[in-house]
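The values are calculated or read from the model by the stated rules, or taken from the named source; none is laboratory data. The model shown is predicted, which means the values in this text are computed figures rather than measured ones. Note that each Cβ is placed from the backbone with ideal geometry, even for glycine, and that neighbours are counted across all protein chains shown.
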Amino acid sequence: MQLGAPGVLIAGGWRRLGRRAVFTAGAYLAAAIVIVLTFFVLKGRVGPHVLQGLLGYFFIASTTAGLEPGTVKAAALANPKGRTDVLAITAVSALKGLAAAPIVALVWRFSDPSIGLATLAWTAGLCVAGFAATDLRVMFDLDGRHATAIWIKQGSLATGLAVVAVMTWLGAPLALGVGVSTALRLIFAAAAAAVAATTQRAHGENRERPLAREIRRLLAERRWVALAGASVVAAVSGGADRVFGLRYLSAEAWSGYYLTFEVFSKFWFIPYLLGPIVFARRVSDGPGGAFPGQAERLTLGAGVLFTAAVAVLVVLAPRALTASLRLPIGAPTLAFAAAIVVSSITQLRVLGLQAAGAARSAFAAMGLSAIVSTLLFLAGARVFGASGLMATWLIKSILELAAITLAARLARRVA
């Protein structure tokens with residue numbers, strides 16, 4: 001299996017992109033349906049604190065699934081035409097997941113002090129499952145198998161969330177639901193890795209080094225540190241709203257805010273769709289390629305339509321939305337929608353910067369943004385509640401885009 005072969009990814013141009021869009025939208029829609037149904041089906045069946053705890057788990061599971069271990073991307077940047085053993089990739093992903101688990105557990109306990117220790121005990125499994133799925137997704141994307149890549153990542157997460165939701169509906173404790181779900185996701189990741197390893201052998205891509213040596217090589221490739229670091233600070237700056245919301249908002253207000261975030265953030269399927277192609281094209285074409293600019297214009301155009309649709313909904317049905325979500329609907333909601341669009345542009349620029357070999361610059365810019373965003377979200381949640389969190393998102397997104405744009409310009413001057 002060839003990692004980092006961008007020509008494979010971009011072959012077929014916009015026709016292949018359209019096919020990828022269908023699979024991506026389907027995976028994202030599945031996750032959105034699970035969350036929306038969970039909210040409305042369980043809202044009248046369980047108490048607000050039970051629903052809050054369940055949606056808090058959804059947040060942690062989604063966060064761990066979204067973190068970037070950087071293993072495959074680093075290997076591709078180091079040797080675009082090289083082979084990397086899939087079992088070694090999965091092993092390194094698991095090691096990184098285990099290393100991250102204590103920090104994730106602390107964040108989970110801080111945001112939801114009522115969470116039980118039996119539920120927290122599954123944090124390591126959540127991290128390993130999420131990290132393995134992410135690295136496998138990147139590997140299959142670079143190999144041109146986009147449908148497989150998307151469903152390994154999003155399909156695994158959506159199925160895991162659905163299992164916990166159904167078990168909660170049936171009256172099972174949260175810890176039991178999380179345990180069953182996590183075990184299934186780990187089995188799914190292990191099966192996907194085993195199938196990929198079998199495919200490697202069938203294509204004559206036999207292991208070039210002993211497994212232990214390959215694991216050490218992947219860990220020693222320093223590019224993954226900056227790639228993973230940028231993902232961590234993005235998670236901090238983009239997840240602080242839900243951490244502080246879960247901590248400081250009422251159970252009903254936080255559940256409504258979380259649902260709004262999950263529905264609005266499904267717009268990110270566009271950068272999720274285009275991002276791997278932007279990364280691959282930047283690696284193969286250098287700074288003169290046209291696709292990154294085309295991707296940004298496409299995202300911006302879709303963003304204008306998305307924000308306009310939200311505006312129409314806010315104008316036509318503000319009272320119904322407020323009663324359903326227990327949130328004030330108005331200007332903060334529009335600011336939130338605009339922030340999601342601005343953040344999408346930023347995501348594409350971060351990938352372009354990383355592909356240009358300036359991952360450290362992206363990490364530094366995102367780190368500065370994370371510090372500012374965390375303070376803003378803390379103030380927004382404690383002083384203004386859910387409305388403050390939504391308005392803060394727009395400030396955060398604009399600052400982040402400005403920081404990444406400046407970092408890209410400085411990187412070009414140095415180059």
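The table below gives the values:
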{"item": "Of the criteria (1) within 14 Å of VAL178 (Cα to Cα); (2) under 14 Å from the mean Cα position of the chain (by Cα), which one ALA162 fails", "result": "(2)"}
{"item": "Pairs, first in the same structural domain as THR374 (by TED's automatic domain parsing) in region 229-246, second outside any helix (DSSP H, G or I) and surrounded by fewer than 24 Cβ atoms within 10 Å (Cβ to Cβ), C-beta under 6 Å, six or more apart", "result": "SER231/LEU67; SER231/GLU68; ALA235/LEU67; LEU246/ASP112"}
{"item": "Filtered residues of region 137-195 (kept if surrounded by 23 or more Cβ atoms within 10 Å (Cβ to Cβ) and among the acidic types (Asp, Glu))", "result": "ASP141"}
{"item": "Residues that are part of a helix (DSSP H, G or I), aliphatic (A, V, I, L, M) and either modelled with pLDDT under 90 or in contact with a strand residue (DSSP E or B) (Cβ under 6 Å, 6 or more places away or on another chain) (or both), drawn from region 56-108", "result": "ALA65, VAL72, ALA74, ALA75, ALA76, LEU77, ALA78, VAL86, LEU87, ALA88, ILE89"}
{"item": "One residue from ARG297, ARG247 being under 24 Å from the mean Cα position of the chain (by Cα), more than 25 Å from LEU142 (Cα to Cα), modelled with pLDDT of 75 or more and surrounded by fewer than 22 Cβ atoms within 10 Å (Cβ to Cβ)", "result": "ARG247"}
{"item": "Residues of region 44-98 that turn out to be of a type in the set (Ser, Thr, Tyr) and closer than 18 Å to THR123 by Cβ, as a count", "result": "5"}
{"item": "Leading residue by the ranking (nearest to GLU221 (Cα to Cα)) among those in region 334-361 that are of a type in the set (Ser, Thr, Tyr) and modelled with pLDDT of 90 or more", "result": "THR346"}
{"item": "Helices (runs of 4 or more DSSP H) fully within region 113-165 counting 3 or more residues that are hydroxyl-bearing (Ser, Thr, Tyr) and not assigned by TED's automatic domain parsing to the domain that holds ALA280", "result": "none"}
{"item": "Which listed residue is in a helix (DSSP H, G or I) and out of contact with any Phe, Trp or Tyr (no Cβ under 9 Å at 6 or more places or on another chain), from ILE340, ILE404", "result": "ILE404"}
{"item": "Subset of region 357-395 [outside any helix (DSSP H, G or I) and touching a helix residue (DSSP H, G or I) at 6+ places or on another chain (Cβ under 6 Å)]", "result": "ALA358"}
